[in-house]
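The values are calculated or read from the model by the stated rules, or taken from the named source; none is laboratory data. The structure displayed is predicted, hence computed values, not measured ones. Note that we place each Cβ from the backbone using ideal geometry, even for glycine, and neighbour counts take in every protein chain shown. SASA here: full protein model, heavy atoms, side chains in, ligands and nucleic acids out. Shrake-Rupley method; radii C 1.70, N 1.55, O 1.52, S 1.80 Å.
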Amino acid sequence: MSVNAAEPVKVAVVFYSATGNVTKLARQIAESAEKAGAEVRLRRVTELAPQAAIDSNPAWGENVKDIAEIPEATPDDIVWADAVLMGSPTRYGNIAAQLKQFIDTLGPLWFQGLLADKVYSGFTATSGKHGGNESTLLALYNSFHHFGGIVVAPGYANETLFANASPYGAAHFGNGEIDELVLSGATAQTERVIATAAALKIGRAAAVA
Ligand SMILES: Cc1cc2nc3c(=O)[nH]c(=O)nc-3n(C[C@H](O)[C@H](O)[C@H](O)COP(=O)(O)O)c2cc1C
């Protein structure tokens, strides 16, 4: 699906991933956004864990190497964006401290109203099928509501999203490869986010013309 906006929709994909699952979703979402005609910034948040913790888990070290080429997220990436997709693995049903720390750095922008009126959506990964993916996304969405954001969750809005069966946002579980259904659901979620952001952009431009 492509979007017919006069200017491309600007999409920031901001994520934290320790062992690579959320990285895969973030890459899929960034690629889908580009295919849908958006201008995309794929950004990782700053790692806060001690090196010893990273060294204790080979998958963590691999992911650190894999994402080294991705720029670190800055508050300007959020100001720049029309739509923001944020991703985090679950941490006991909540988002990771690393993503939370990035969100906390947005306080000065929040006070100026610069986070409001954008489209927001989320994605996550858990070990267990019922390990907290829905609560993690809802926890993330708490912040989006405080921003004054327009939360665009996938719902069951079309056949692909219905099949993905994750109305809160793309969610991988387990230790294997990301399921095709989850990947196609992440793409459909991204397209829905972009279509909504494009409609808002066109409508706002028309309102001031
Ligand atoms: C401190 C900590 C807490 C976690 N809590 C949960 C949990 O409550 N439920 C669950 O299913 N997985 C939990 N996990 C597992 C991760 O969320 C899961 O492995 C996820 O896929 C990792 O994503 P990543 O590869 O992008 O880092 C936890 C992991 C850590 C390190």
Of the conditions (1) touching a Ser or Thr at 6+ places or on another chain (Cβ under 8 Å); (2) surrounded by fewer than 24 Cβ atoms within 10 Å (Cβ to Cβ); (3) of a type outside the set (Val, Ile, Thr); (4) within 19 Å of residue 40 (Cα to Cα), the single one that residue 170 does not satisfy is (2)
Residues in segment 136-176 that are in contact (Cβ under 8 Å) with a residue 40 or more places away in the chain and either within 16 Å of the ligand (Cβ to nearest atom) or in contact with a Cys (Cβ under 6 Å, 6 or more places away or on another chain) (or both) total 11
Query raised in the report: Residue check: is residue 112 in contact with a Phe, Trp or Tyr (Cβ under 8 Å, 6 or more places away or on another chain) and at pLDDT 95 or above?
Result: no
Residues in segment 64-87: is at least one of a type in the set (S, T, N, Q) and within 27 Å of residue 174 (Cβ to Cβ)?
no
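A quick yes/no check of all residues on (1) of a type outside the set (Lys, Arg); (2) farther than 19 Å from residue 140 by Cβ:
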site: 44; (1), (2): no, no
site: 48; (1), (2): yes, no
site: 51; (1), (2): yes, yes
site: 56; (1), (2): yes, yes
site: 61; (1), (2): yes, yes
site: 81; (1), (2): yes, no
site: 88; (1), (2): yes, no
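In this structure, is residue 37 under 21 Å from residue 204 (Cβ atoms), more than 16 Å from the ligand (Cβ to nearest atom) and touching a helix residue (DSSP H, G or I) at 6+ places or on another chain (Cβ under 8 Å)? So that I can check it myself, show each step before the final result.
On the way: under 21 Å from residue 204 (Cβ atoms): yes; more than 16 Å from the ligand (Cβ to nearest atom): yes; touching a helix residue (DSSP H, G or I) at 6+ places or on another chain (Cβ under 8 Å): yes.
Yes, satisfied.
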Selection over segment 4-24 where residues are more than 17 Å from residue 102 (Cβ to Cβ) and either open to solvent by 40 Å² or more (accessible area, probe 1.4 Å) or within 16 Å of the ligand (Cβ to nearest atom) (or both) yields a count of 9
Checked 178, 202 against criteria (open to solvent by 40 Å² or more (accessible area, probe 1.4 Å) and over 15 Å from the mean Cα position of the chain (by Cα)); the one match is 202
| So residue 182, is it of a type in the set (A, V, I, L, M) and within 14 Å of the ligand (Cβ to nearest atom) | yes
Filter segment 138-158 for residues that are touching a strand residue (DSSP E or B) at 6+ places or on another chain (Cβ under 8 Å) and more than 11 Å from residue 120 (Cβ to Cβ); the one that is surrounded by the fewest Cβ atoms within 10 Å (Cβ to Cβ) is 139
Scanning segment 115-135 for residues that are away from the ligand (no atom under 16 Å from the Cβ), open to solvent by 10 Å² or more (accessible area, probe 1.4 Å) and on the phi < 0 side of the Ramachandran plot gives 116, 118
